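Visitor: Pasting a structure below so you can have a look.
The values are calculated or read from the model by the stated rules, or taken from the named source; none is laboratory data. Since this is a predicted model, take the numbers as computed values, not measurements. Cβ coordinates were reconstructed from backbone atoms using ideal geometry, including for glycine residues, and neighbour counts include every protein chain displayed. Surface areas here come from the heavy atoms of the whole protein model, side chains and all, with no ligands, DNA or RNA. Shrake-Rupley method; radii C 1.70, N 1.55, O 1.52, S 1.80 Å.
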2 protein chains.
Amino acid sequence: MKTVVVGAGPVGALAALYAAVRGQDVEIYELRPDIRDPSTAPLNTKSINLALSERGINSLRRTGLSDLADAVLADTVPMHGRMIHVTKLGEYVREAQQYDAHGRDLLAMDRTQLNRALIDHLEAMPNVKIYFKHKMIGVDFKKKSAWFENRSDKTDLLTQGPEFKLTFDLLIGADGAHSAVRNHLMKVVPMTYQQEYIDKLWCQFGVPASPNGDFRIPPNYLHIWPADESMFIAIPNTDKTFTSTLFMSKEGFEELEASGKVVEYFSKNFPAVVPDLITEDDLKKQFTNNEHLPLISIKCTPYHYGSAGVIVGDAAHAMVPFYGQGMNAGLEDVRVLFEFLDKYPDDRTRALNEYTKQRTPDAQTINDLALGNYREMASDVKKPLYLLRKWVEETLYVHLPSLGWATQYSRVTFSNMRYSEVYQASQRQARILNSVVGLALATVVGSAFLFAGNGGLQKAKMGILRGVCLAAQGAQRVIQG
Amino acid sequence: MKTVVVGAGPVGALAALYAAVRGQDVEIYELRPDIRDPSTAPLNTKSINLALSERGINSLRRTGLSDLADAVLADTVPMHGRMIHVTKLGEYVREAQQYDAHGRDLLAMDRTQLNRALIDHLEAMPNVKIYFKHKMIGVDFKKKSAWFENRSDKTDLLTQGPEFKLTFDLLIGADGAHSAVRNHLMKVVPMTYQQEYIDKLWCQFGVPASPNGDFRIPPNYLHIWPADESMFIAIPNTDKTFTSTLFMSKEGFEELEASGKVVEYFSKNFPAVVPDLITEDDLKKQFTNNEHLPLISIKCTPYHYGSAGVIVGDAAHAMVPFYGQGMNAGLEDVRVLFEFLDKYPDDRTRALNEYTKQRTPDAQTINDLALGNYREMASDVKKPLYLLRKWVEETLYVHLPSLGWATQYSRVTFSNMRYSEVYQASQRQARILNSVVGLALATVVGSAFLFAGNGGLQKAKMGILRGVCLAAQGAQRVIQG
């Protein structure tokens, strides 16, 4: 069984690893140079740090290579929650919002580190060959053959000459949002396909360690400066630096470029970023020099052709980054794909078909949630009603485990429940919660009168909580009944 | 000014003609062989007869070459309306439904004839060069250069060697639903793009002339056999043959292939097709031999890059065939594009930008209407309420021209009003009409009592009409006020 993987990013490398531990002959072809090559600029890929969560971790562990998963996890910075940076009544305040009422963390990690670890592992396996600087120029899925162009200065028996042809049993396309494999798949499969560039561009900023070699702001958070029409975030790196990103409309970027008032914009909208994280000069320089890049959202289906080809990761469902699930979903694709391949060892067509059937609604759900989460991050996190709703929801989650209650965020981030089922469960809960929050609001008003000026805030909160729990239990009984 | 057109179908050829009559240096590159070449099979393109209507005719006339338009129009078969073939109370009946209350026709024509006429005209112009069997392999819109592969056995100074590069001022992509130009455009433009294969496949059948050399059924109609889940149509050709098409789901085709019961299916669902149009043997043979092809619907935007490139026709908005507007919309693209190029002779970027801005909502509207019209053709045309609504609508249209009333179908088919404005006008009218039809229904019931058994049907109809007109005038005054 010969498996060819196109793309040696984290998702492609993991797919190759799953195939390799099953004893298949694996060949990986990657257009870019080897990221481990010291001459390769560290920024040659466009996404450099990531939030690894349960789905990604689980998919790494399921390789069976626990050394690998442990090594990857050791090289991360835990993020307990969001830290929101806002100005309230003229004061700069930071508010921490825990991600998970049970205390589970997101793990900030360097995409390149993860990729390196996977490729090192692959390279040590006798049944795996990796070719960098190889461009796929064609696939014939019906004949299970593909053509590549060798753009490296290396040649070997397999890849002689500038162009060569190979055959495969299964070709896995993990070649990103602008996937060549998907383009060839579309020629033989009637594919429903949608791509959309959202209204926001992004620009990355490096935030150095402080002069005494420490993190400049608390490390164990995903920092957010929400400004409705734009947003600035910072994610920690193990070397005490942060990687920051500005999200803003194209028009916004153009206005700032024309006016030159970047520092003024930051001072007004992103309190204390200048000079706590970055100097005025550095901000201006990075704003000008670093690329302003678009964000694409892609949905398609099916993901496969017969028993010959399948796409995973961004090639199948590139999403906007606002739920931190892009890479996690890609790694999960690999786990799900190989579960089906293991389940139907004698019928790969059926396995790939089941993969498409299961993964299409899941990928489309997380794609939509990621689009929706921009609003939450850029705006809702500041609003009292959002915070009250969140508090009620998390209170139920912590205090009433018997209800099986969990927030959508926690199910997406800290479980392996199918995305489409997460969404259905959340919609069900939302119907209950909306009535509950209405009740809670009424109770707050009542309680405020009752306990006002009496040091009774804690009593009031407990009273709300009791009311809320009873109401929720009642509502759930009604809905389930 | 050098204009390169990719694709020499009717839309590409018309674009080349518009550029050529403006004195530009025009080069046309077409992947397929010359359709005029006798060795080229007549079925080498997938769509062979078409309904030409006002937008197409107008776009041909606006070339200024009245000989050309007249020659094209002379070679058509007028279709006054639909002829619906159904079984009612066990009887096979044919019902004619006029397309236009003012008596205007659709023109059935051979796509190849139109294409031939356009290419013959182009070839006679000194500033035009046409290259067949040339594949576009790349475009650099920023540098305004493109690469082609010469697959013909001819070479000349311009196209020496198998691969060559050229430069252009403007490149027009008219290379169809699977447009290579669009694919290259997507690399430099953040394009919103959607493609969808609908649930129906199509299969074409040739219907020969009768033994005495005449049409087998009345020629001046688009014949429809509606069967809800499938549909059979027939369009006349000038040589007394018909071209027929079966539309049915993939599962439907597969079932018929497996069971072999094509004749039985036709006898049950499409009365008198066998043997009036086609023999049992011929039906079986054509069903097996002729391809079962998918139907794709494509929307995208923008259609252009800077001043360098633009897409027209199916490349910009492939649509399903159920409104008979695919080619008409493509020809209209050319008229609109050149109107903007004429309007802004010194600012092509602006002209292309305006073209995208105007054409995006128009193309998306007709695309949606075409999707919606399948239901009307396959099912609604049989229903009494549909027929009553159509009768009321057309009565208003004929008897009250002062209202500026027209059906959506007539505006799409017999006017040059922007598709998006047609839709808005129709939505406005629908709001009025829905109340009017409700009123008319009530009046019908009332009148039936009043005139029953009294030979008063005509009186009843006139009564309804008077009521309807008054109600419509009143309703329109309310809505416009």
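Visitor: Residues that are under 30 Å from A:Tyr305 (Cα atoms) and under 25 Å from the mean Cα position of the chain (by Cα): list the strands (runs of 3 or more DSSP E) wholly contained in the stretch A:70-189 that include at least 2 such residues.
Guide: In the stretch A:70-189, A:170-173 are the strands (runs of 3 or more DSSP E) which contain 2 or more residues that are under 30 Å from A:Tyr305 (Cα atoms) and under 25 Å from the mean Cα position of the chain (by Cα).
Visitor: Filter the stretch A:87-132 down to the residues that are open to solvent by 60 Å² or more (accessible area, probe 1.4 Å) and of a type in the set (Phe, Trp, Tyr) and list them by number.
Guide: Scanning the stretch A:87-132 gives a single hit, A:Tyr92.
Visitor: Checking the conditions here, which among B:Leu385, B:Leu331 is in contact with a Leu (Cβ under 8 Å, 6 or more places away or on another chain), away from chain A (no Cβ under 14 Å) and either farther than 23 Å from B:Glu229 by Cα or open to solvent by 60 Å² or more (accessible area, probe 1.4 Å) (or both)? Lay out the reasoning, then the answer.
Guide: Details: B:Leu385 fails: in contact with a Leu (Cβ under 8 Å, 6 or more places away or on another chain).
Checking each option against the conditions leaves just B:Leu331.
Visitor: Further question on the same structure: Please determine, by comparing only the residues of the stretch B:237-246 that are of a type outside the set (S, T, N, Q) and not in a loop (DSSP other than H, G, I, E, B), which one is surrounded by the most Cβ atoms within 10 Å (Cβ to Cβ).
Guide: If we take residues in the stretch B:237-246 being of a type outside the set (S, T, N, Q) and not in a loop (DSSP other than H, G, I, E, B), then B:Leu246 is surrounded by the most Cβ atoms within 10 Å (Cβ to Cβ).
Visitor: Which of (1) of a type in the set (Ser, Thr, Tyr); (2) open to solvent by less than 50 Å² (accessible area, probe 1.4 Å); (3) modelled with pLDDT under 95 does A:Ser145 not meet, given it meets every other one?
Guide: Looking at each condition in turn, A:Ser145 falls short on (3).
Visitor: Further question on the same structure: Pull up the stretch B:347-367, narrow it to residues that are farther than 12 Å from B:Ser307 by Cβ and aliphatic (A, V, I, L, M), then point me to the one that is surrounded by the most Cβ atoms within 10 Å (Cβ to Cβ). Walk me through how you get there before you give the answer.
Guide: Restricting attention to the stretch B:347-367, the residues satisfying the condition of being farther than 12 Å from B:Ser307 by Cβ are B:354, B:356-367.
With aliphatic (A, V, I, L, M) added as a condition, the list becomes B:363, B:366.
Working: B:Ala363: 27, B:Ile366: 25.
Looking at the filtered set, the residue picked out is B:Ala363.
Visitor: Test of understanding: among B:Ser210, B:Ser249, which residue is of a type in the set (Ser, Thr, Tyr), open to solvent by less than 30 Å² (accessible area, probe 1.4 Å) and over 25 Å from B:Ser297 (Cα atoms)?
Guide: Working: B:Ser249 fails: over 25 Å from B:Ser297 (Cα atoms).
Checking each option against the conditions leaves just B:Ser210.
Visitor: Would you say A:Ile84 is open to solvent by less than 40 Å² (accessible area, probe 1.4 Å), more than 25 Å from A:Arg418 (Cβ to Cβ), touching a residue at least 12 places away in the same chain (Cβ under 8 Å) and not assigned by the TED database to the domain that holds A:Met417?
Guide: Considered against the rule, which asks whether it is open to solvent by less than 40 Å² (accessible area, probe 1.4 Å), more than 25 Å from A:Arg418 (Cβ to Cβ), touching a residue at least 12 places away in the same chain (Cβ under 8 Å) and not assigned by the TED database to the domain that holds A:Met417, A:Ile84 comes out as yes.
Visitor: Restricting to the stretch B:188-198, name every residue that is facing chain A (nearest Cβ under 9 Å) and open to solvent by 40 Å² or more (accessible area, probe 1.4 Å).
Guide: Within the stretch B:188-198, B:Pro190, B:Thr192, B:Gln194, B:Glu196, B:Tyr197 qualify.
Visitor: I want to confirm something. Restricting to the stretch B:252-266 and keeping residues that are open to solvent by less than 20 Å² (accessible area, probe 1.4 Å) and among the aromatic types (Phe, Trp, Tyr), which single residue is nearest to B:Glu291 (Cα to Cα)?
Guide: B:Phe253
Visitor: From B:Leu170, B:Leu201, B:Leu185, B:Leu222, grab the single residue that is open to solvent by less than 20 Å² (accessible area, probe 1.4 Å) and within 14 Å of another protein chain (Cβ to nearest Cβ).
Guide: On inspection, the qualifying residue turns out to be B:Leu185.
Visitor: Here is a further query. Can you tell me which of (1) acidic (Asp, Glu); (2) touching a strand residue (DSSP E or B) at 6+ places or on another chain (Cβ under 8 Å); (3) over 28 Å from B:Arg111 (Cβ atoms) is the one B:Asp228 doesn't meet?
Guide: Unmet for B:Asp228, out of (1) acidic (Asp, Glu); (2) touching a strand residue (DSSP E or B) at 6+ places or on another chain (Cβ under 8 Å); (3) over 28 Å from B:Arg111 (Cβ atoms): (2).
Visitor: A further question follows. Before we move on, is A:Pro275 in contact (Cβ under 8 Å) with a residue 24 or more places away in the chain and not assigned by the TED database to the domain that holds A:Leu171? Reasoning before the result, please.
Guide: Numbers: in contact (Cβ under 8 Å) with a residue 24 or more places away in the chain: no; not assigned by the TED database to the domain that holds A:Leu171: yes.
So A:Pro275 fails the test.
Visitor: Let me confirm something: among A:Asp333, A:Asp281, which residue is acidic (Asp, Glu) and in contact (Cβ under 8 Å) with a residue 12 or more places away in the chain?
Guide: Result: A:Asp333 is the single residue among A:Asp333, A:Asp281 that is acidic (Asp, Glu) and in contact (Cβ under 8 Å) with a residue 12 or more places away in the chain.
Visitor: Give the stretch A:173-182 a look and list any residue that's at negative phi and away from every other protein chain (no Cβ under 13 Å), or say none.
Guide: Passing the criteria: A:Gly173, A:Ala174, A:Asp175, A:Val181.
Visitor: Restricting attention to the stretch A:58-88, report how many residues are under 16 Å from A:Asp105 (Cβ atoms) and in contact with a strand residue (DSSP E or B) (Cβ under 8 Å, 6 or more places away or on another chain).
Guide: 11
Visitor: Filter the stretch A:190-236 for residues that are β-branched (Val, Ile, Thr) and part of a strand (DSSP E or B) and give the result.
Guide: A:Thr192, A:Ile198, A:Val207, A:Ile224, A:Ile233, A:Ile235, listed by residue number.
Visitor: Given the structure, is B:Tyr344 of a type outside the set (S, T, N, Q) and either in contact with a Phe, Trp or Tyr (Cβ under 6 Å, 6 or more places away or on another chain) or surrounded by fewer than 24 Cβ atoms within 10 Å (Cβ to Cβ) (or both)?
Guide: Yes; evaluated as a whole, the condition is true for this residue.
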